[in-house]
1. So the check is Cβ under 8 Å with 6+ separation or different chains; which pairs have a first residue in the stretch 39-66 that's touching a residue at least 12 places away in the same chain (Cβ under 8 Å) and on the phi > 0 side of the Ramachandran plot and a second one that's surrounded by fewer than 17 Cβ atoms within 10 Å (Cβ to Cβ) and not in a strand (DSSP E or B)?
2. Looking only at the stretch 42-70, which residues are buried (at least 16 other Cβ atoms within 10 Å of the Cβ) and not in a loop (DSSP other than H, G, I, E, B)?
3. Mind checking which residues of the stretch 8-44 are modelled with pLDDT of 90 or more and more than 12 Å from the chain's Cα centre (by Cα)?
């Protein structure tokens, strides 16, 4: 979701905590809309994997994660 427009840019649904569905949604959003300056998530295991964070770092996207327990 884009915080400014509140528009959902891409989404996937999964019944596991695997990062793959998040990576697919991220890649789809990046392809459609380009790279944002900042990408914010919670600290869920799917968002802290080296593959997910590495994709953001490759594109020089700053990573922002909410504090634990929010």
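1. 60/35
2. 52, 53, 55, 56, listed by residue number.
3. Selection gives 31, 32, 33, 34, 37.
Residue-by-condition table, conditions (1) assigned to a loop (DSSP other than H, G, I, E, B); (2) in contact with a strand residue (DSSP E or B) (Cβ under 9 Å, 6 or more places away or on another chain); (3) more than 17 Å from residue 64 (Cβ to Cβ):
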position: 10; (1), (2), (3): yes, no, yes
position: 13; (1), (2), (3): yes, no, yes
position: 16; (1), (2), (3): yes, no, yes
position: 21; (1), (2), (3): no, no, yes
position: 32; (1), (2), (3): no, no, yes
position: 40; (1), (2), (3): no, yes, no
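The values are calculated or read from the model by the stated rules, or taken from the named source; none is laboratory data. All figures in this text were calculated on a predicted structure; none of them were measured in a lab. So basically every Cβ, Gly included, is an ideal-geometry build from the backbone, and we count neighbours across all protein chains shown.
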